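Accompanying notes for the structure given below.
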Ligand SMILES: Cc1cc2nc3c(=O)[nH]c(=O)nc-3n(C[C@H](O)[C@H](O)[C@H](O)COP(=O)(O)O)c2cc1C
């Protein structure tokens, strides 16, 4: 297949990578077949499952697929006393079911080099990285295979680092976005820029293509970011209630019915800032200690699972962007058709 170019897109939409089983082959292939980019969020996925997802999607589409990964950093657990306070923050939660909390042990995350094995075999059009810049050898390898590389930036300094890394494009993530903030070093800064302000800044100084992400829910939103110079719109929340998405029943229920609530950014679930629909867990965990990312994600795994299987949506993450109330519960094809009509009607 010829290398991906933004100008080839029939529709300037990238269905966002969303780790945790949301991105199914059916969802990804529908967007790719429509002339956009369908993405998989493979943050925690094993190489075997990455291979299965990519190969089964390739049977459904010859369009553009994006495989997305987290760039995890090595971590040390804090001393026993701090570990104990992190455990206590969870054991005192007002949750009725019995949940076992265990301090996780290394390895805390999958090895990127191993996860990328099936990507080099299957050769999707694009690989993107979130939370940092991968090793230079990875960017070189992708480029040698004709795979385009995109990396998330939340400010200009990160964007300039991405330019120096040799990547092909930048995903500009505004504060409105659902899921994890792509900030490289959460211990140092987070300027929390709104998407439009970030786009204006990046378009002034960066010549690489920029994809816009954060709070984009309809055709007018896509038109607005394209007018600010974006090469495409990356939309996550807008696809969460599609019939083809792997979104859990309780997550869908909150997206469709919790319109009396807003979203909040929390470290509580994973140890890293991420935006989701406000619930009891987020409220109670405000200013509470957490293990470093992603050890906190492992620590809260049993709680999130039990909350989900008991249909109690108050102790599980419902990642969503600020504009989730505009979500549509339709098939993916219908969402794409409506977006296209709105986009062309302006
Ligand atoms: C449920 C969910 C999971 C996400 N997982 C990832 C991920 O694995 N990798 C990634 O780069 N971005 C992830 N994101 C962020 C998206 O790439 C994108 O920045 C965000 O969806 C844009 O905001 P919106 O949800 O308002 O459209 C996730 C977002 C959501 C809502």
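Read-outs: derived from the displayed coordinates by stated rules, not from any lab. Remember, it's a predicted structure, so these values are computed and weren't measured experimentally. Note: ideal-geometry Cβ built from the backbone for every residue, glycine included; neighbour counts use all protein chains shown.
General remarks:
- Stretched out straight at 0.36 nm per residue, the stretch from residue 326 to residue 253 would grow longer than its current Cα-Cα span by 24.9 nm.
- Taking only the C-alpha atoms of the stretch 58-113, Rg followed by Dmax gives 18.7, 53 Å.
- The gain in end-to-end length when the residue 341 to residue 144 segment is fully stretched comes to 67.2 nm, 0.36 nm per residue minus the alpha carbon separation.
- If the chain linking residue 114 and residue 191 were pulled fully straight, counting 0.36 nm for each residue of separation and taking away their Cα-Cα distance, it would gain 24.4 nm.
- Helix axis angle, 332-344 relative to the chain longest principal axis, alpha carbon, degrees: 60
- Residues 82, 265, 327, ranked from the fewest to the most other C-beta atoms within 10 Å, line up as 82, 265, 327.
- Translational D in µm²/s for the stretch 92-196 (Stokes-Einstein at 20 °C, 1.002 mPa s, Kirkwood Rh from C-alpha pairs): 133
- Residue of 203, 59, 143 that the Gaussian network model of the chain assigns the largest fluctuation, springs spanning Cα pairs under 10 Å: 59
- Relative protection proxy for 187-193, 172-178, from highest mean packing down: 172-178, 187-193 (other beta-carbon atoms within 10 angstrom).
- The stretch 1-79: relative contact order as a whole-number percent, Cα under 8 Å and 6+ apart: 31
- When each of 333, 291 is scored by the number of other beta-carbon atoms lying within 10 Å, the sequence from fewest to most is 333, 291.
- Computed from Cα atoms, the angle from the helix 156-165 axis to the main principal axis of the chain rounds to 60 degrees.
- Cα-based Rg / Dmax (Å) for the chain: 19.2, 59
- Neighbour counting of Cβ atoms within 10 Å sorts the residues 131, 339, fewest neighbours leading, into 131, 339.
- Nearest 10 degrees, 0 to 90: helix 80-91 Cα axis against the chain principal axis: 80
- Label-zone membership for the stretch 270-303, site residue 102, 7 angstrom Cα→C-beta point, backbone N under 14 Å: 298-303
- Considering helices alone, the calculated mean residue ellipticity of the chain at 222 nm is -10500 deg cm²/dmol, with DSSP H runs of length four and up weighted by -39500 (n - 2.57) and normalised per residue.
- Alpha-carbon gyration tensor eigenvalues x 5, square-rooted, for the stretch 287-337, Å: 29, 15, 11
- Inter-part distance where the stretch 294-346 and the stretch 207-272 are each reduced to a Cα centre, Å: 8
- Quotient of C-alpha Rg and 2.2 N^0.38 Å, computed over the stretch 181-250: 1.30
- The distance between label points at residue 286 and residue 200 comes to 3.0 nm (points 7 Å beyond Cα on the Cα→Cβ vector).
- Convex hull (Cα only) mean projected area of the stretch 272-311, reported in nm² to one decimal: 3.1
- Percent of beta bridges antiparallel (DSSP, the chain, rounded to nearest 5): 20
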